[in-house]
Each structure stands twice: as C-alpha cells, then as structure tokens.
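The structure under discussion appears below in the form of structure tokens.
All of the numbers you see were taken from the coordinates with simple rules; none came from a lab. Values in this document were obtained by computation on a predicted structure and should not be read as measured data. Backbone-built Cβ (ideal geometry, glycine too); neighbour counts: all protein chains shown.
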Amino acid sequence: MSTTGVTARVTIKSPDQMQELGRRLAPLLRPGDLVLLTGELGAGKTTLTRGLGEALGVRGAVTSPTFVIARVHPSLTGGPALVHVDAYRLGGGLGEMEDLDLDVSLPESVVVVEWGDGKVEELSEDRLHVVIGRAVGADAPGGPGGHPEEDVDDVREVTVTGVGARWADAGLPELEIC
C-alpha cells in the first residue's frame, strides 16, 4: 500500500519558470526515482524535464521523446542518467512499458515518464507525481483581480506530490519560483 507524502503547489508564469522548477526539483532526485508528469499537450512537461536534465548534468538536449518513445541522457557529472519517456502513444499499460526495460534502467537512473499516469505506477511504490494544469478564470493571474500584463496562456498551476515512504520521509521544499 502506498503512502502519500507531502504535496507542494506552485504557480508557474512562463516556460523559463517551468524550466527553473525542473532545476529546483533535480537536487531532490536520486538514482531509482520515478517521476510521472501529467498535463495536457503543451503544458510544459518537456520544459520541466529540460530543467531536470540541466541540473542533473546530463548529456544531450532534452527534447520530447514522442516519436522515439524513450531517450537516455547519460550523466556528465557522475550522477544518475536521465531516462525520458513519452508514454502518450503507448496504450498497453505496464505490459507495453516493460518492452522498454524501464525496470532495468530504474535502479541507476532517474526515470521521467510523460503521460505515464495509469501506466507505470507499478514500477515503483515511491514516485514523484507532477501534475501541470492551466490556470483558469479567477485563479489565473490575468483573470479577475489578477495582473492583466501577464500572459494567461503561459500560466500553469503545478502540483507536486511525493508518493511512498521515500517522499513521506524526505518531504518537499518550498517551490515558489519568482
């Protein structure tokens, strides 16, 4: 049975801030960590992963793995590799994901799975789940009572939840991005 750890929420107002959030999350990660990214097309999942890769010091440009399904970015600094997976086109759940050998990569890597919700949770009882949603209506900074100079299309509400004992013990830092 999974134990839910702490949850942190942050408002992100630009792609640069989304990448910064990835840089802020990276020091919390260690080999064996599974990160699930959930959000609609264009929400910023790959942008966040780009920040993770930058802070982890991995080789290669972090781009969407949509057409190759998975990319491995080895560490240039002696840290864990980043395995970046896009499960959008995979409909077979964990069985189809097993063909990617993620269970082999997981112990020595940080595995980030876009669109993995409902498909890869069985890989690890401990995981970080990042949900990216568009801010709408009164919640959007450019909405009622907000700041009209901010581009509402770029504003995201991000919820980071640690699932399992590892995250219950570790907790999450303040994630506010300025």
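Going by average Cβ density within 10 Å per residue, which order do the peptides 56-66, 121-131 take, highest to lowest?
121-131, 56-66
Want the number for residue 68 to residue 11: 0.36 nm per residue separation, take away the alpha-carbon distance, what's left?
Gain on extension, residue 68 to residue 11, equals 17.4 nm.
So if we plug the beta-carbon distance of residue 153 and residue 77 into 1/(1 + (r/R0)^6) with R0 = 35 Å, what FRET efficiency do we get, rounded to 0.05?
0.50
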